[in-house]
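What follows draws every value from the coordinates through simple rules; no lab data is involved. Given the structure is predicted, the values throughout are model-derived calculations rather than measurements. As a convention, Cβ positions derive from the backbone with ideal geometry for all residues, glycine included, and neighbour counts pool all protein chains shown.
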Amino acid sequence: MPAPLAGGVSGPDALGELLGTVLASLAAGARDRGGPLPPGGPPAVDAAVRRALAADPLPARGVGAHEALADLTRVLAYGTADPADPACAGHLHCPPLAVAVAADLAASALNPSLDSWDQAPAATALETEVVAALAAAAGFVPGLAAGTVTTGGTESNLLGLLLARDRGGPSAGRHRILCSDAAHFSVRRSAALLGMGDDAVVPVATGADHRVDPGALDAVCRRVLAANDRPTAIVATAGTTDLGAVDPLAACADVAREHGVWLHVDAAYGGGALFSDRLAPLLHGIGRADSIGLDLHKLGWQPVAAGVFLVRDRALFAPLAQRAKYLNPADDEQAGLPSLLGFSPRTTRRADVFKIAVTLRALGRDGLGALVDRCHALARYAAERIDRDPGPGALELTAEPVLTSVVFRYVPHPHPGEPVGRHADLVNAELRRRLLTSGRAVVGRTEVGTGPGSVRLKLTLLNPYAGERDVDAVLRAVVEAGRAVERDL
Ligand SMILES: *Cc1c(COP(=O)(O)O)cnc(C)c1O
């Protein structure tokens with residue numbers, strides 16, 4: 001047979017033979033790259049990909065497994081932004097743990113699908129157990145809570161808003177979703193997808209600490225009610241994507257309870273703090289939410305995708321209930337075959353829970369907590385370095401780190417004829433592109449506030465094996481690139 005299968009008793013042998021090629025090519029591609037991402041920008045990467053494909057992605061006759069794996073794995077590894085390189089710190093894009101990747105191989109080989117028990121007996125049981133353990137860690141009542149593994153924070157936010165929209169209760173008025181003006185854009189997109197209208201999201205002002213102000217939240221809630229609209233959900237963010245700000249969850253829960261509003265906590269980033277004794281107090285009150293989303297492909301070191309959506313009471317999943325004759329006939333369920341079909345909007349669903357289950361067992365809460373703490377300590381170190389020598393030609397810290405991200409900018413010297421804010425924005429945007437296209441560092445870019453002078457750089461530190469010297473090197477690269485851009489302008 002030209003293409004053996006991965007499963008069964010003999011599949012692992014065939015797989016093992018191919019894996020040698022994959023692993024060797026991963027190493028070769030990383031050597032070809034020689035840094036956090038390949039130098040040369042899109043033209044260099046596009047040309048390398050076309051070469052590896054011999055300009056023919058769908059050849060009439062295949063080249064065979066080893067050749068295809070060798071060429072394409074090598075170019076993928078060469079042309080990657082590798083989060084395992086300490087200079088790759090742009091996004092909430094974590095370097096996955098080897099143990100999680102090894103586990104994911106088993107899930108791929110066996111290919112369980114969680115839409116019915118007869119496609120995934122053990123994976124169904126594992127997901128039920130793992131989700132229950134994470135719900136308990138978040139402070140939900142064991143036995144009552146339920147959840148599902150999702151593709152990430154985007155799907156978890158969609159699910160939270162869907163269940164909030166469809167739960168019983170007052171049904172008059174337009175749906176309004178209340179969240180801080182720093183909430184993730186997927187909240188707005190979810191509201192639009194759910195037919196609540198593009199304007200359904202009502203942003204609530206944040207204070208100087210970038211957290212939602214509970215007084216303002218309460219006032220907006222009252223205003224929505226006074227207008228005969230429906231405050232459908234409050235979305236609190238536990239760890240904003242840029243600054244890592246955590247809304248005061250207990251105070252948000254108070255407001256939600258007072259007005260009978262669903263509370264969804266978007267803990268896509270900050271959920272990992274549940275593993276850390278040091279950072280868990282930031283999430284105080286999270287167990288009072290109706291639903292929670294957290295991403296273990298951020299602070300959890302899983303390969304994508306590893307989102308988790310949790311609900312306080314399994315009965316709240318009712319709007320997603322489905323009876324499909326070919327998947328979960330009622331008599332099968334009565335006979336004791338469990339079905340997870342009603343916990344997800346998806347049908348075929350990969351066992352992303354497996355790598356999570358293996359990682360939680362292998363490292364334990366302590367092991368994961370130590371990784372979270374390590375990244376947090378690195379962020380604090382970076383902030384202290386950034387703050388050390390201020391002034392033109394150096395760096396300026398925007399806010400103290402909360403989780404593992406550091407937001408800052410390079411401060412250029414005054415430029416004749418150019419307003420200060422606009423000039424700083426140009427220099428920071430350009431220096432980041434130079435770092436990317438030279439292959440030297442992956443630094444994030446965002447904006448804090450609006451208008452000229454709002455462009456910022458960001459390090460999202462998710463590599464627990466990076467050291468202080470690595471942070472020093474990235475910051476030095478930023479300063480050098482900033483000075484070079486100034487010289488060229
Ligand atoms: C990353 C993130 C999301 C989106 O999650 P995905 O896993 O990318 O879908 C949502 N909310 C916050 C706060 C995030 O940081």
- Task: Would you mind ranking SER291, SER113 by Cβ crowding within 10 Å, fewest neighbours first?
- Result: SER113, SER291
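How do HIS415, HIS184 line up, fewest other C-beta atoms within 10 Å first?
Details: HIS415 15, HIS184 21.
Starting with the residue having the fewest Cβ neighbours, the order is HIS415, HIS184.
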- In a solvent-free Debye calculation with one equal scatterer on each Cα, what is log10 I(q)/I(0) for the range 165-243 at q = 0.15, 0.17 Å⁻¹, listed in the order of the q values? -0.51, -0.65
- Message: If I model a spin label at ALA65 and ASP229 as a point 7 Å from the Cα along the Cα→Cβ vector, what separation in nanometres do I get?
- Response: 5.7
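Contour minus end-to-end for ALA133 and ARG257, with contour as 0.36 nm per residue of separation and end-to-end as the Cα-Cα distance? Walk me through the numbers on the way to the answer.
Numbers: separation 124, 0.36 × 124 = 44.64 nm, distance 2.53 nm.
So the chain would gain 42.1 nm between ALA133 and ARG257.
What FRET efficiency would be calculated for the residue pair SER454, LEU144, taking the C-beta separation as r and a Förster radius of 35 Å, to the nearest 0.05?
Working: r = 44 Å, r/R0 = 1.26.
Calculated transfer efficiency: 0.20.
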- Item | Listed residues GLY168, LEU69, PRO203: farthest to the positive end of the dipole of the chain (Cβ charges) | PRO203
- Item | Residue-averaged [θ]222 nm for the chain, counting only DSSP H segments that reach four residues, each worth -39500 (n - 2.57) | -14000 deg cm²/dmol
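Please identify the trypsin sites (Lys or Arg not before Pro) of the range 44-81 that satisfy two criteria: DSSP loop assignment and at most 12 other Cβ atoms within 10 Å. Which are they? If you can, show how the numbers build up before the last one.
Working: sites: ARG50, ARG51, ARG61, ARG74; in loops: ARG61.
Within the range 44-81, the qualifying trypsin sites (Lys or Arg not before Pro) (loop, at most 12 other Cβ atoms within 10 Å) are ARG61.
Using only the alpha carbon atoms of the chain, find the Kirkwood hydrodynamic radius as the inverse mean reciprocal pair distance, in angstroms to one decimal.
Working: mean 1/r = 0.0409 Å⁻¹.
The answer is 24.4 Å.
Suppose the chain between ALA122 and ALA330 were pulled fully straight at 0.36 nm per residue; how much longer would it get relative to their current alpha carbon spacing? Write down the numbers at each step before the final one.
Values: separation 208, 0.36 × 208 = 74.88 nm, distance 2.08 nm.
My answer for the length gained is 72.8 nm.
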- Along each of the three principal axes of the Cα atoms of the range 290-431, give the extent in whole Å, ordering the values from largest to smallest. 78, 37, 25
- Surrounding net charge for VAL407, when Lys and Arg each add one and Asp and Glu each subtract one, Cβ distance under 11 Å: 0
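Please give me the summed charge of the neighbours of GLY369: other residues whose Cβ is under 13 Å from its Cβ, Lys and Arg +1, Asp and Glu -1. Intermediate values should be presented prior to the final figure.
Working: positive: ARG278, ARG365, ARG374; negative: ASP277, ASP366, ASP373.
So the surrounding residues net to 0.
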- Message: Could you give the length gained by full extension between LEU53 and ALA429, i.e. 0.36 nm per residue of separation minus their alpha carbon distance, to one decimal place?
- Response: 132.0 nm
- Determine which lysines satisfy two conditions relative to LYS298: a Cα distance under 16 Å, and not lying fewer than 8 residues away in the same chain. LYS355, LYS458
- Item | For q = 0.17, 0.22 Å⁻¹, Debye-computed log10 I/I(0) when each Cα of the range 366-488 counts as one equal scatterer | -0.82, -1.28
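Return CYS221, CYS179 ranked ascending by Cβ neighbour count within 10 Å, so the fewest neighbours appear first.
Working: CYS221 21, CYS179 27.
In increasing order of surrounding Cβ atoms, one gets CYS221, CYS179.
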- Query: About the Cα centre of the chain, what is the dipole size in debye to 20, counting +1 per Lys and Arg Cβ and -1 per Asp and Glu Cβ, all else neutral?
  - Reply: 460
- Query: With no solvent and one point on each alpha carbon, what is the Debye value of log10 I(q)/I(0) for the range 112-349 at q = 0.07, 0.11, 0.13 Å⁻¹?
  - Reply: -0.22, -0.54, -0.75
- Suppose R0 equals 22 Å; then what is the FRET efficiency for THR347 and ALA305 from their Cβ-Cβ distance, rounded to the nearest 0.05? 0.85
- Distance histogram in 5 Å bins (all Cα pairs of the range 98-168, percent per bin): 3, 13, 15, 23, 23, 14, 6, 2, 0
- Message: Suppose R0 equals 45 Å. What FRET efficiency, 1/(1 + (r/R0)^6) with r the Cβ-Cβ distance, do ALA102 and ASP198 give to the nearest 0.05?
- Response: 0.55
- Note on the structure: With the label point 7 Å along the Cα-to-beta-carbon line of ALA24 and a cut-off under 13 Å to each amide N, the hits in the range 42-67 are 66-67
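If you place +1 on the Cβ of every Lys and Arg and -1 on the Cβ of every Asp and Glu, how big does the dipole about the Cα centre of the range 11-80 come out, in debye to the nearest 20? Please list the in-between numbers first.
Values: 6 positive and 7 negative charges, 48 e Å.
Its charge dipole is roughly 240 debye.
In debye, nearest 20: dipole of the range 366-488 around its Cα centre with unit charges on the Cβ of K, R (+) and D, E (-)?
With Lys and Arg at +1 and Asp and Glu at -1, about 320 debye.
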- Over the range 11-80, volume per residue of the alpha carbon convex hull, in Å³: 82
- Rounded to the angstrom and largest first, Cα extents along the principal axes for the range 219-370 equal 50, 46, 23
- Task: Using +1 at the Cβ of each Lys and Arg and -1 at the Cβ of each Asp and Glu in the chain, identify which of PRO338, SER10, GLY421 lies farthest towards the dipole's positive end.
- Result: GLY421
